[in-house]
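Below is one structure; the comments refer to it alone.
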Amino acid sequence: MRLTPHGAGGAGPHRSQNRDRSLGSRPVCGTEGCAPTWPEHTGPAGLHRLLEDYLEAVDGIRKHLLAKSEPRKLTFVGELNHGRFSAKMDHLVCFLPGTLALGAHHGLPAEHMELAQALMDTCYQMYRQMETGLSPEIAHFNLHHTKAVKDVQVKAADRHNLLRPETVESLFYLYRLTGDRKYQDWGWEILHSFNTYTRVSPPVSPGPQCPALGGRVFWGGGGGASGWQPSRGPSQHCDAVASALEQVPSGGYSSISNVQDPRHPQPRDKMESFFLGETLKYLYLLFSDDPDLLSLDTYVFNTEAHPLPIWAPS
């Protein structure tokens, strides 16, 4: 298995079985970078080396890190901790469906696309199975046949959402490369949840529903399809909105601390730069039906969503 262990410097043939293996934040660029780099690499020897590294890494993932959850049989990428498998998957790992799909688009085995689609469904379920429709930072998957238990389990320390881009990034790739509109639909659901639970606006329109806030409150910049509707009778959301407005009085989008509590998502008064630079950019591209808008045949996106033209030697 050629997966970069935690603590190792960069990608490479680090094969010690005593090290932890995952596709989380520390080793992510080794595997995430290979496929996007390969189409624009100019040297035949370097191209072959990158391709071998990438294929070996994917093979290691398939052999050692893949498992299926219960009851929906979701395919997920776990971790090896000192040789023991852990059914833990960071949201960061949701870059992988897009990477696999891009590789298949450039001629790698069709089974890579099959795995990409299976993992894409899992990443979507990490959102779908949460009460707010937003994924936790880290998910743990149920491996046991137990009634009334969801596939995606969340620990208290992991139930925050930082507005990360990885899932919508992969949705963009899957939609562009398959044309299946369900990926647009999934992205729209996620955007709706961002607007409902992470977008913050100051109070508007005087009214009796939330006296402490001076009137009606819209979460999502005006209600409608993108946010909470004005209160009808005693509002269930006044306390949560009041708390949010105290923390983020000027509006914007905020990370939240609890994706399992739609009444009290606990905004953190912090919007990461990648939300604008990556998350919203990929959502914009996902909703475009113009395949020539930053075409994946002429541009490659780096890990920070910057599009770079693919240089074709004459």
- Message: Going by what's in this entry, would Met126 be described as outside any loop (DSSP other than H, G, I, E, B), within 19 Å of Phe301 (Cβ to Cβ) and open to solvent by less than 10 Å² (accessible area, probe 1.4 Å)?
- Response: no
- Task: Count, please, the residues in region 271-314 that happen to be touching a strand residue (DSSP E or B) at 6+ places or on another chain (Cβ under 7 Å) and of a type in the set (A, V, I, L, M, F, W, C).
- Result: 7
- Query: If you take the residues of region 73-118 that are under 18 Å from Asp180 (Cα atoms) and of a type in the set (S, T, N, Q), which of them is surrounded by the most Cβ atoms within 10 Å (Cβ to Cβ)?
  - Reply: Thr99
- Query: Has region 177-188 got any residue that is in contact (Cβ under 8 Å) with a residue 12 or more places away in the chain, touching a Phe, Trp or Tyr at 6+ places or on another chain (Cβ under 8 Å) and of a type in the set (Lys, Arg)?
  - Reply: no
- Message: On the basis of being part of a loop (DSSP other than H, G, I, E, B), out of contact with any strand residue (DSSP E or B) (no Cβ under 7 Å at 6 or more places or on another chain) and either under 20 Å from Pro136 (Cβ atoms) or modelled with pLDDT of 95 or more (or both), does Pro249 make the cut?
- Response: no
- Is region 165-175 home to any residue that is β-branched (Val, Ile, Thr) and open to solvent by less than 50 Å² (accessible area, probe 1.4 Å)? yes
- Query: Regarding Asp158, is this residue over 15 Å from Gln260 (Cα atoms), surrounded by fewer than 17 Cβ atoms within 10 Å (Cβ to Cβ) and modelled with pLDDT of 95 or more?
  - Reply: no
- Item | Subset of region 51-72 [open to solvent by less than 50 Å² (accessible area, probe 1.4 Å) and over 20 Å from Pro109 (Cα atoms)] | Ala67, Ser69, Glu70
- For region 107-114, state whether one or more residues are outside any helix (DSSP H, G or I), over 17 Å from the mean Cα position of the chain (by Cα) and small (Gly, Ala, Ser). yes
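Output yes when any residue across region 235-243 is at pLDDT 95 or above and in a helix (DSSP H, G or I), and no when none is.
no
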- Item | Residue that is nearest to Tyr299 (Cα to Cα), among those in region 132-183 that are in a loop (DSSP other than H, G, I, E, B) and hydroxyl-bearing (Ser, Thr, Tyr) | Ser135
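The values are calculated or read from the model by the stated rules, or taken from the named source; none is laboratory data. Note that this is a predicted model, so its numbers are computed, not measured. Please note: Cβ atoms are built from the backbone with ideal geometry, for glycine as well, and neighbour counts cover all protein chains shown. Surface accessibility is based on the protein's heavy atoms, side chains included, excluding ligands, DNA and RNA. Shrake-Rupley method; radii C 1.70, N 1.55, O 1.52, S 1.80 Å.
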